[in-house]
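K.L.:
Handing you this structure, nothing more for now.
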Amino acid sequence: MAKVGRLVKETIINELSTQLGAQPNFFVTRVNRLTSTDADALRQTLFGSQASLVMIKRKLGKRAAEGLKIPGLVDLFEGSVGIVIPGEDVLPVAKVIVDFIKTHEEQLAVRGGFIEGTLLDKQRVEHLASLPSKPVLLAQIVFTIEAPIADLIFTIERLVGDLMWAVEQAATKKLLPAAKDEGQTGAAAPAAAAEAPATEPGAPGSARGGEGSAAGGVSPRPASPAQPEPPAAPAASTTPPAPETSGGEAPPAQPSTS
């Protein structure tokens, strides 16, 4: 019978050592007069977080821990030992253990744990239980990363908006003087035409010759001085001239036919 009991103990030690070696995360608790009803309630709560509870005597627990060769791990085994093996997420399991201890302080006490290659004491396990869950932590990390990026994008958009506003204001200020100068030029043209002095008569562009200048754009030639009219020819006489006679005598007068 002694050999059978020894074989059973060796089997338990080997299985626990193999299980702890395959799972790098676990918590160590001290069990003191924990009733079977409370132990079952704890196991059911841990099962909801994908964790399991293994209760073992102190000597067997130490022998299993010695096979892991983790410095300081054996010192956590005191009295009856309850080893909690979590699943992928250790935060909710630590929270379950700490919350259960609040209502069962005399029956259960956390001794420490071994998480991600680090040996934790009681205080660090309690601090781990106070942290938010993994999804909440991931959300906080994402928010922490996105917040500066969002602020940078907002700052860039505001700078671009201010730059566009400045360009529009500069363009508006540049167009207003140009429009004002054009208005002053248009108003000054009729006034200049009205104030232009009249040209003297006879000069190029005068009132008489101005019509030609405005129509054809060429100054008129000055008029030539008036020429005197030739004298009128004497009226022709109806009386025929008297024929000359020899001797110098005048011929007798002819009676008039008038």
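The values are calculated or read from the model by the stated rules, or taken from the named source; none is laboratory data. These numbers come from a predicted model, not from an experiment. Reconstructed Cβ throughout: ideal geometry from the backbone, glycine too, with neighbour counts over all protein chains shown.
K.L.:
Among the listed residues T155, T103, which satisfies the condition of being of a type in the set (S, T, Y) and outside the structural domain of M55 (by TED's automatic domain parsing)?
P.N.:
T155
K.L.:
Name the residue, out of K62, K69, that is out of contact with any Cys (no Cβ under 9 Å at 6 or more places or on another chain), buried (at least 16 other Cβ atoms within 10 Å of the Cβ), without any contact (Cβ under 8 Å) to a residue 24 or more places away in the chain and under 21 Å from I115 (Cα atoms).
P.N.:
Numbers: K69 fails: buried (at least 16 other Cβ atoms within 10 Å of the Cβ).
None of the other options fit; the residue is K62.
K.L.:
Further question on the same structure: Being in contact with an Asp or Glu (Cβ under 9 Å, 6 or more places away or on another chain) and basic (K, R) narrows it down to one residue among R43, R6, R33; which is it?
P.N.:
Working: R43 fails: in contact with an Asp or Glu (Cβ under 9 Å, 6 or more places away or on another chain); R6 fails: in contact with an Asp or Glu (Cβ under 9 Å, 6 or more places away or on another chain).
Exactly one of R43, R6, R33 is in contact with an Asp or Glu (Cβ under 9 Å, 6 or more places away or on another chain) and basic (K, R), namely R33.
Per-residue answers, yes or no, for (1) assigned to a strand (DSSP E or B); (2) more than 51 Å from the chain's Cα centre (by Cα); (3) over 21 Å from N32 (Cβ atoms):
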site	(1), (2), (3)
K62	no, yes, no
A65	no, yes, no
E78	no, yes, no
I83	yes, yes, no
A94	no, no, no
V98	no, no, no
E106	no, yes, no
G112	yes, no, no
V125	no, no, no
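Residues checked against (1) surrounded by 18 or more Cβ atoms within 10 Å (Cβ to Cβ); (2) out of contact with any His (no Cβ under 9 Å at 6 or more places or on another chain); (3) at pLDDT below 90:
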| position | (1), (2), (3) |
| --- | --- |
| D40 | no, yes, no |
| M55 | no, yes, yes |
| V74 | no, yes, yes |
| G82 | yes, yes, no |
| E88 | no, yes, yes |
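K.L.:
So K102 clears everything in (1) surrounded by 14 or more Cβ atoms within 10 Å (Cβ to Cβ); (2) closer than 19 Å to A129 by Cβ except one condition, right? Which one?
P.N.:
Condition (1) is where K102 drops out.
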